[in-house]
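Chemist: Mind having a look at this structure? Questions to follow.
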Number of protein chains: 2
Amino acid sequence: MTTPVPVPVSAGGRELPHPRRAEIRLENVLQALADPMRLGIVRELAAAGGNELSCSQFDLPVTKSTSTHHFRVLRESGVVRQVYRGTAKLNGLREDDLDALFPGLLGRVLDAATRQADRLGG
Amino acid sequence: MTTPVPVPVSAGGRELPHPRRAEIRLENVLQALADPMRLGIVRELAAAGGNELSCSQFDLPVTKSTSTHHFRVLRESGVVRQVYRGTAKLNGLREDDLDALFPGLLGRVLDAATRQADRLGG
């Protein structure tokens, strides 16, 4: 049994709900990654090498509410951690949690996404 | 560019539509695997070590039409190949196609599923 990792409280007091590590489920992670736009967000976060990115740094061709929905799915599945810094919502990949639960999975999905983008010219 | 692999024609003449290798998309594969019942089917097929299993060999707690739906999603995403042998529909994992397109992905998903089942006692 994995010990749940405490969710850090954001400095601003507004805290968004996240699954603890032990609550993350494979089916929810796969579901979150199965959407091209969400997978694109995850690829950008991975490329940021551990740096957090605010939602507004992503250039998504959708409405604000659709964008918010996608980030929420990523957060609620345990793929992304979102914290408020002032008025900005910062996003970071939960690579440590995912690799502890599902070793190598995120890396293989990211590699698969890169291969497909190269193949299709995306 | 990957050369599309011809879909073999079943002896019985009734042939089900499958995506060619080059038509398989990561998002559809992840979507197919994101459902617990479909992931369970894939785990059983993987455990069968390359042997084909008929739909009726799976003990699924759902109606026939729901079961048929799940197998269709697996087939249309490119995860499973279905062929008729007489009146039986036989299912086989498309491991070669998936590993050619997305090396290691299926293995990591199967490993993740095993780990989760062990962790949750499933």
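Chemist: What about B:Thr66, is it at pLDDT below 95, under 25 Å from B:Arg25 (Cβ atoms), surrounded by fewer than 20 Cβ atoms within 10 Å (Cβ to Cβ) and away from chain A (no Cβ under 12 Å)?
Modeler: yes
Chemist: Scan B:Val73, B:Val42 and give me the residue that is touching a strand residue (DSSP E or B) at 6+ places or on another chain (Cβ under 7 Å) and at pLDDT 95 or above.
Modeler: Of B:Val73, B:Val42, the one residue that is touching a strand residue (DSSP E or B) at 6+ places or on another chain (Cβ under 7 Å) and at pLDDT 95 or above is B:Val42.
Chemist: Still on this structure: Considering each residue of segment B:79-114, count those that are among the basic types (Lys, Arg) and surrounded by fewer than 17 Cβ atoms within 10 Å (Cβ to Cβ), and give that number.
Modeler: Result for segment B:79-114: 1.
Chemist: Could you tell me which numbered condition A:Phe71 fails, if it satisfies all but one of (1) within 11 Å of chain B (Cβ to nearest Cβ); (2) assigned to a helix (DSSP H, G or I)?
Modeler: Condition not satisfied by A:Phe71: (1).
Chemist: Name the single residue, out of those in segment A:81-115 being in a helix (DSSP H, G or I) and more than 15 Å from A:Ala46 (Cβ to Cβ), that is farthest from the other protein chains (Cβ to nearest Cβ).
Modeler: A:Ala100
Chemist: Right, here's the next one. Could you run through segment A:45-56 and say how many residues are on the phi < 0 side of the Ramachandran plot, without any contact (Cβ under 8 Å) to a residue 60 or more places away in the chain and touching a strand residue (DSSP E or B) at 6+ places or on another chain (Cβ under 9 Å)?
Modeler: Residues in segment A:45-56 being on the phi < 0 side of the Ramachandran plot, without any contact (Cβ under 8 Å) to a residue 60 or more places away in the chain and touching a strand residue (DSSP E or B) at 6+ places or on another chain (Cβ under 9 Å): 8 in total.
Chemist: If you go through segment B:45-67, how many residues are in a helix (DSSP H, G or I) and either within 19 Å of B:Asp99 (Cβ to Cβ) or hydrophobic (A, V, I, L, M, F, W, C) (or both)?
Modeler: Going through segment B:45-67 one residue at a time, the tally reaches 4.
Chemist: Mind counting the residues in segment A:26-44 that are touching a residue at least 24 places away in the same chain (Cβ under 8 Å) and either part of a loop (DSSP other than H, G, I, E, B) or on the phi > 0 side of the Ramachandran plot (or both)?
Modeler: 1
The values are calculated or read from the model by the stated rules, or taken from the named source; none is laboratory data. It should be emphasised that the depicted structure is a prediction, and the values quoted were computed from it without experimental measurement. Cβ: placed from backbone, ideal geometry, glycine included. Neighbour counts: every protein chain shown.
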